[in-house]
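*Asks:* Submitted below is the structure of interest, expressed as structure tokens.
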Amino acid sequence: MKRLTPLVFWIFTTLAQGCGIYSFSGVNIQPDVKTYTVLPFSNQASLVVPGFAEAFRLALTDKIRQMSNLNYADDGDLIYTGTITQYSVSPTASTGDQQAAMNRLTVQVKIEFTNKKHPDDNLSKTYSYYYDFPADKLLDDVKAEAHQVIMEQITQDIFNDTLAKW
């Protein structure tokens, strides 16, 4: 019976993928859409971190490349443009003596998504995520990890909304 279970699973997954009813990556892309473009992001946040907008653009480009079968092109069928609208650090929790115990880095990104072949899929949306860190640490001490966590979450949300349609 134990040998039957992998066989049943393989048959089910083969049929499901072959019929087009399910994709394990969750991608829901029309068959005529083959390419994508992520244009350079602008940075309009009051606190501008050099290189952050480009790093975010590259993170989004990589997310789409890794999770879809689309090819990158200079003038793709799908076009992503974006603006970093907020990059700020604020206290989030205080101690009994009114001092900050935790700080929060918040990043907000506005995305314009254009599907040239299916304009009904176009989207304009603002995404936000944060990273909390101890107040006794400087932002420079946690910046690499904070950026990684924030970019991973926001790029996943963008991917879900534009290509997975969750």
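The values are calculated or read from the model by the stated rules, or taken from the named source; none is laboratory data. The shown structure was predicted, so the numbers you read here are calculated from the model rather than taken from an experiment. With ideal geometry, Cβ positions are generated from the backbone for all residues, glycine too; neighbour counts draw on all protein chains shown.
*Asks:* Counting only residues that are modelled with pLDDT of 95 or more and in contact with a Pro (Cβ under 9 Å, 6 or more places away or on another chain), give me the strands (runs of 3 or more DSSP E) lying completely in segment 26-129 with at least 1 of them. Reasoning before the result, please.
*Replies:* On the way: elements: 35-38, 78-94, 100-115.
By residue number, 78-94, 100-115.
*Asks:* So D136 ticks every box in (1) over 26 Å from L39 (Cα atoms); (2) of a type outside the set (G, A, S); (3) surrounded by 15 or more Cβ atoms within 10 Å (Cβ to Cβ) but one. Which box is left unticked?
*Replies:* D136 satisfies every listed condition except (3).
*Asks:* Can you name the number of the only condition in (1) under 17 Å from T37 (Cβ atoms); (2) free of Cβ contacts under 8 Å to residues at least 40 places away in the same chain that T155 fails?
*Replies:* (2)
*Asks:* Same structure again: Give me the pairs, please: first residue somewhere in segment 133-149 and under 16 Å from S88 (Cβ atoms), second residue anywhere and among the acidic types (D, E) and assigned to a loop (DSSP other than H, G, I, E, B), beta-carbon distance under 6 Å, and either six or more positions apart or on two chains.
*Replies:* If the second residue must be among the acidic types (D, E) and assigned to a loop (DSSP other than H, G, I, E, B), no pairs are left.
*Asks:* Somewhere in segment 102-109, is a residue crowded, with 17+ Cβ neighbours inside 10 Å and under 17 Å from M67 (Cβ atoms)?
*Replies:* Scanning segment 102-109 turns up no residue that is crowded, with 17+ Cβ neighbours inside 10 Å and under 17 Å from M67 (Cβ atoms).
*Asks:* Does K63 fit the bill of being of a type in the set (K, R) and at positive phi?
*Replies:* Answer is no for this residue.
*Asks:* Taking the condition among the polar types (S, T, N, Q) and touching a residue at least 24 places away in the same chain (Cβ under 8 Å), does N115 pass?
*Replies:* Yes; evaluated as a whole, the condition is true for this residue.
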